[in-house]
Amino acid sequence: MEIAVCVKRVPLVGSTFILTDDAMAIDTSRIGATLSPHEENAVEAAVRLIEVHGGSITLFSVGSAQAEEQLREQLAIGADRAVLIETEGTEIDSQATAAVLAQAIDQDTTDFDLVLLGTESADSGGYQTGIRIAHALGRPVVTNVKGLDITDNKATCERAVGAIREVYEVQLPAVISVLDGLNIPRYPSVPGRIKARKKPVDRLSIAIPEPTTIRTSLRVPQSADKGAINLGSGQQGAKALVEVFKQIGVM
Amino acid sequence: MSALPSKAKVVVIGAGIVGNSVVYHLAKLGWKDIVQVDKGPLPNPGGSTGHASNFIFPVDHSKEISELTLDSMRQYKEFGVFVESGGIEVARTPERMQEFHRRLQSARAFGIDHSSLLTPEEIKAIVPYIDETIILGGFQTTSAGVVDSLRMGTLMREDAIEKGALTVSANTEVLDIVVEDDRIKSVVTDNGAIECDYVVIATGCWGPKLAAMTGTSIPLTPAVHQMKDIGPVPMFLDAKSDIEYPVVRDMDSNMYERQHGTGLEIGSYAHRPILYKVEDIPSNAEAALSPTEFPFTQEDFDLQDEHALELMPEIVGDESIGEKYAINGLLSLIPDGMPILGEAPTVKGLWSASGVWIKEGPGVGRAMAEDMVLGVSEIDWHGEEYSRFQDFQFSHEYIQARCAEGFNKMYGIVHPSEQWESLRGIRVSPLYEREKALGAFFFEAGGMERPQWYEANAPLVAKFGDAVMPRTAEWESRWWSPIINAEHLQLRETCAIADLTAFVVFDVTGPKALDVVQHSVVRQMDVAVGKTIYTPVLAPNGGFKADLTVMRLGKNHFRVVTGGAHGMADKKAFANNLPADGTAHISDLTSGMATIGLWGPNARKVLESITTDDVSNEGFPFASNRLIEIGNLRVLASRISYVGELGWELYLPVETAVALWDMIWEAGAVHGLIAAGSGATAGTGRLEKSYRAYGNELETSYNMVEAGMVFPKVKAQDFVGKQAYVKHRSEEPIAILCSLFIDDHTSSTGEKRYPLGWEPIVTREGELLIDSKGRRSFANSAGSAPSLGKHLVMSYLPPEYAKVGQELAIEYMGDRLPCTVALVGSKPLFDPENERVRS
């Protein structure tokens, strides 16, 4: 089974964040980067599928040269190779991202049975890339997946809608976008890291289409102060904690 | 946020291990009205303490750091937050095994009794998951351990709060520190302003930002230390406690590994130096983890993964074990690798306790509090004084360059004389080009280039033959040359010129200048104009703060000359005694004044030939100073010597120094004049004259009586340390400074070895000598005494051993070399009646 997983490097923010002076991006000069969390679930799902079905995993990412850091991390988890379509680092819209990824997947020498990705990226949250890739490749798509099983070239996908559980069956090749809760992503091991250093990260040059969604500016929403509350220590703290548990209905 | 008082005695900024220790000890010593603020939440405000590895290896080659660490361990134990896990440093190279012998020396000299060397098999028995086949051996310290520094901090704050001495305000950011008339006035926070007498900056890597609010600077840089925690490790699943296996330091890889619950923490000081600016640190809210836990950069750790895998393949090579947590943790680096402690040189009441590790935190807290409350601390920390830096050492580029260079020395094998490589040749003497032409090998003193010896004198090595005491062992030959001893011998035979421009020179002037100088030093300063006085400077406990010379140049004019390395701190010792009304001033002449030494039996002949002034013994007696004309120059000459020869120190403006050098050089040719470096003029020369050196024999742990420096009379005027000095004079000394000769240098390998200082002095049977105050005997100095044909050691010995002829031994690189007491007290071994100096 050949699996493509699309991933994105995003800023690693704390409880608040600062925008650049032109309000067009998050100021990342003092903070780090990570992978969109749902994509970690996607890679984990891919690794588990390969463990059962055999095959290989190829990562695809559109982003700055630094995105290699995130790709290596996932290569350490168990992906086999990565393809980076390098940009200058500025955010590109969902249409362009999907078009570029679809083209990269399509022209790759591997025929992929399955394209996995997170339902949305952690920073821009467009919720479209998976659907647009599926459309471009002419494949079926299931989004918001929290349960995944593949037998006989058929994917059984579960998703939660409120208290209801929806189950879809879809014939491969297909595109599936996942949510957290699908699995618990594993941590990279040291031997995994060492192997990852030798795995290929290919650079692919694809012209980025003109954006159709124009970002005019960003705004940080007002949020209530979510600072930690010290409930106390020792016995007194335990009592206060019980009260909180009661309030939120877990006791 | 608790309400802040509007007034306090002291505001301590920072609630990491250092700030917490400072408030605890201040309260313990009786101070009230202490306020502690931190911009982060409690108990973990987000600084380096919060992500520290928390293990303590007590052995260090610095006596001060060892003592601060031992005191800290005692305190951690007192609070019940210390687990004695033991620690093992492992060697992959023979050089490291020799270093372990040296570490054992330092352990025994500085009071750590639980160290020993181990074979690979012995290590395997204690640490079953190590691959013993790739190591040559180890250095074990069973008293090493792991602490809970956050818990310790909480307990310390609670203690001070219980005493009614402390108000703590977390989530409180300092916006400004107000200084008025060079003195702390108040601290402005986002939770109100506090008027106060003292501010202590105990904020680790944020120090520079806070110091900048006062118009001064703390020369440190935030830097990354990488670590990752892997687990769960199957073989640790049954661990009954957090720490069951000793911490392992893989010294030659600059790494450590330690079991921590079910995990294995792997840390590194091997990666490239990753330095930040304080502005780059995010706020608590911006940071995903804590402000000092930056995202891990794997590419900097790639090699370390391989090294960890080599050493502990069973665990690190297990693919089922994941990295649960990995960070680029921020810590503070200082250009010279030592903490920055004490009062700021330019702002009264502003104190720094910066660049301190978990292992020294509580000890530093105690030392700072004692110094603030009592004026002196039990533990000497002169090497860490905030006031030690020269102005250029505050520049960003300097800090970054030296910290980058120092980072990988953390686990390195650092020779005691090792010189820095980066940013050399910045602060140079006006004689630099002359010295380079003579092949000077430069050492740095106070950031200034100073010739240690001159390759031009290499032919003298052959002339003096074995008298230069050649060395074969690589370690003792490093940063050393037999030319030093050849220069020494030639100086004693003819004469030498020496560049002493690295000296710190400052004037005390004004109507109250005499009072300031009197109050600062031990000896009588109300002397005739033209006298030069050598004098110690004491701490309130009667220990040594400095030793230096003072020239009286006028009724209200004194010139102080002191060593380059510590002179800036000496200047502060005088500045502390300046009256508030401006009736005395200190002006620093260091950068304007060149100093040239001219010493040796022929020194007078040389000087006579270029001056018309009377420089005869009668006309210019020892310990006097006078303006003389040399050629067309006017030069302040002072007849004094640190090498024990006839001669002068000649002071003149830097721009004329080359002219004087050339005149002396030319005139000296017929008198056998050479240029001599500090190796001879500040090293070997003083050793055989029993002249004490500050930082070696002289420090706050020892007093005048013990150092054998008692003067006949105690002056009537008050001075710092007088009360203690008078008391010490009436008591028997608890230790006595002696000089010892090494009788046989032959080591167990047959090679002759030469101790370099700080090694334990023991009985011939190997018993440590410990005086009744618990101080151990060690080599305060060790080096060649070429004119005596001996290798000489100075050491404080308990009185029962302080007898000429007493047979003892010095531990060196695994051997015990026999030595014998040659001198008790300070009467010189070379030229005991000082005939040469006074000729």
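The numbers here are math on the coordinates, done by the rules we state, and not lab data. Keep in mind it's a predicted model, so treat the numbers as computed, not measured. Cβ: placed from backbone, ideal geometry, glycine included. Neighbour counts: every protein chain shown.
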Worksheet item: Sorting A:Asp93, B:Asp391 on the 10 Å Cβ count, fewest up front, what's the list?
Response: B:Asp391, A:Asp93
Response to the item:
Between the residues B:Gln490, B:Ile379, B:Thr93, the Cα farthest towards the positive end of the dipole of chain B, that dipole coming from +1 and -1 charges on the beta-carbon of Lys, Arg, Asp and Glu, is from B:Gln490
Response to the item:
One finds, for B:Lys324 and B:Ser395 with R0 = 51 angstrom and r their Cβ-Cβ distance, a FRET efficiency to the nearest 0.05 of 0.80
Worksheet item: Contour minus end-to-end for B:Glu833 and B:Lys9, with contour as 0.36 nm per residue of separation and end-to-end as the Cα-Cα distance?
Response: 291.3 nm
Worksheet entry | the range B:222-263: trypsin sites (Lys or Arg not before Pro) falling in loop per DSSP and having at most 11 other Cβ within 10 Å | B:Lys240
Worksheet item: What is the average number of partner chain Cβ atoms found within 10 Å of a Cβ in B:37-43?
Response: 1
Worksheet entry | Within 10 Å of each Cβ in A:192-203, the average number of Cβ atoms from other chains | 2
Practice prompt. Among B:Val606, B:Val517, rank each residue by its count of other Cβ atoms within 10 Å, from fewest to most, as a rough exposure measure.
Written response: B:Val517, B:Val606
Worksheet item: With the contact rule set at Cα under 8 Å and sequence spacing of 6 or more, what percent relative contact order holds for the range A:2-221?
Response: 28
Worksheet entry | Nitroxide proxy distance, nm - points 7 Å out along Cα→Cβ at B:Val188 and A:Ser205 | 5.6
Worksheet item: What do you get when you divide the Cα radius of gyration of the range B:732-839 by 2.2 N^0.38 Å, with N the number of residues?
Response: 1.07
Response to the item:
Distance in nm between B:Glu800 and B:Asn696 label points, each 7 Å along Cα→Cβ, equals 2.9
Item to complete: Arrange the following residues from fewest to most other Cβ atoms within 10 Å of their Cβ: B:Arg388, B:Arg272.
Response: B:Arg272, B:Arg388
Worksheet item: Roughly what would the spin-label model give for B:Ser730 and A:Lys195, points 7 Å off Cα along C-beta, in nm?
Response: 8.0
Worksheet entry | Descending principal axes extents, chain B, alpha-carbon based, whole Å | 85, 67, 51
Response to the item:
The set of residues whose placed amide H lies less than 5 Å from the amide H of A:Asp27, leaving out same-chain residues fewer than 5 positions away, is A:Ile18, A:Leu19, A:Thr20
Response to the item:
Looks like the protein assembly as shown, by Cα gyration tensor root eigenvalues a ≥ b ≥ c and the a/c under 1.5 rounded cutoff (else prolate when a/b is bigger than b/c, oblate otherwise), is prolate
Worksheet, complete the sentence: Measuring from its Cα centre, the range A:2-221 shows a charge dipole (+1 at each Lys and Arg Cβ, -1 at each Asp and Glu Cβ) which, in debye to the nearest 20, is 460
Practice prompt. Treat every Asp and Glu Cβ in the range B:305-433 as -1 and every Lys and Arg Cβ as +1, leave all other atoms uncharged, and give the resulting dipole magnitude about the Cα centre to the nearest 20 debye.
Written response: 580
Practice prompt. Starting from the amide H of B:Thr189, placed 1.01 Å from N in the peptide plane, find each other amide H under 5 Å away whose residue is 5 or more places distant or on another chain.
Written response: B:Leu175, B:Ile194
Worksheet item: With r defined as the distance between the Cβ atoms of A:Ala65 and B:Glu195 and R0 fixed at 56 Å, what FRET efficiency is calculated, to the nearest 0.05?
Response: 0.60
Worksheet entry | Per-residue [θ]222 nm for chain B (sum of -39500 (n - 2.57) over DSSP H runs n ≥ 4, rounded to 500) | -6500 deg cm²/dmol
Discussion item. With θ taken as phi - 60° and the coefficients 6.51, -1.76 and 1.60, list the Karplus ³J(HN,Hα) couplings across the range B:830-839 in order, rounded to whole Hz; mark glycine and proline as x.
Written reply: 9, 6, x, 8, 6, 5, 5, 4, 9, 6
Discussion item. Quick check on my link table: of B:Lys803/B:Lys827; A:Lys8/A:Lys146; B:Lys277/B:Lys324; A:Lys195/B:Lys324, which ones sit more than 23 Å apart, alpha carbon to alpha carbon?
Written reply: B:Lys277/B:Lys324
Worksheet item: Normalised by the number of residues in chain B, what is the relative contact order in percent for Cα pairs under 8 Å and 6+ residues apart?
Response: 12
Discussion item. If I take every Cα pair under 8 Å that is 6 or more residues apart in the range B:732-839, average their sequence separation and divide by the length, what percent do I get for the relative contact order?
Written reply: 36
Worksheet item: Which residues' amide hydrogens lie under 5 Å from the amide hydrogen of B:Gly597, considering only partners 5 or more residues apart or on another chain, with H built in the peptide plane?
Response: B:Ala498, B:Asp499, B:Leu500, B:Leu650
Worksheet item: How would you classify the range A:2-221 from its alpha-carbon gyration tensor, with a ≥ b ≥ c the square roots of the eigenvalues: rounded for a/c under 1.5, else prolate if a/b is greater than b/c, otherwise oblate?
Response: rounded
Fill in: In degrees, nearest ten, helix B:17-28 long axis to first principal axis of chain B (Cα)
70
Discussion item. Within 9 Å, Cβ to Cβ, of A:Lys199, how many net charges do the neighbouring residues add up to if Lys/Arg are +1 and Asp/Glu are -1?
Written reply: +4
Response to the item:
To the nearest 10 degrees, the tilt of helix B:657-668 (Cα long axis) against the first principal axis of the alpha carbons of chain B is 50
Item to complete: Give me the net charge of B:Lys124's neighbourhood, meaning all other residues with Cβ under 10 Å from the Cβ of B:Lys124; Lys, Arg count +1, Asp, Glu -1.
Response: -4
Worksheet item: What is the calculated FRET efficiency for A:Ser217 to A:Thr90, with r their C-beta to C-beta distance and R₀ = 25 Å, to the nearest 0.05?
Response: 0.95
Worksheet item: For the range A:110-127, what does the Karplus curve 6.51 cos²θ - 1.76 cosθ + 1.60, with θ = phi - 60°, yield as ³J(HN,Hα) per residue in whole Hz, taken in order and with x for Gly and Pro?
Response: 8, 8, 8, 7, 8, 10, 10, 7, x, 4, 8, 7, 6, 9, 8, x, x, 6
Item to complete: Apply the Karplus parameterisation 6.51 cos²θ - 1.76 cosθ + 1.60, with θ equal to phi minus 60°, to every residue of the range B:240-255 and state each ³J(HN,Hα) to the nearest whole Hz, in sequence, with x for glycine and proline.
Response: 8, 9, 4, 10, 10, 10, x, 5, 10, 10, 8, 4, 6, 9, 6, 9
Item to complete: Within 10 Å of each Cβ in peptide B:319-329, how many partner chain Cβ atoms are there on average? Round it to a whole number, please.
Response: 4
Worksheet item: Between the helical axis of B:94-109 and the dominant principal axis of chain B, each derived from Cα atoms, what acute angle in degrees is found, rounded to the nearest 10?
Response: 80
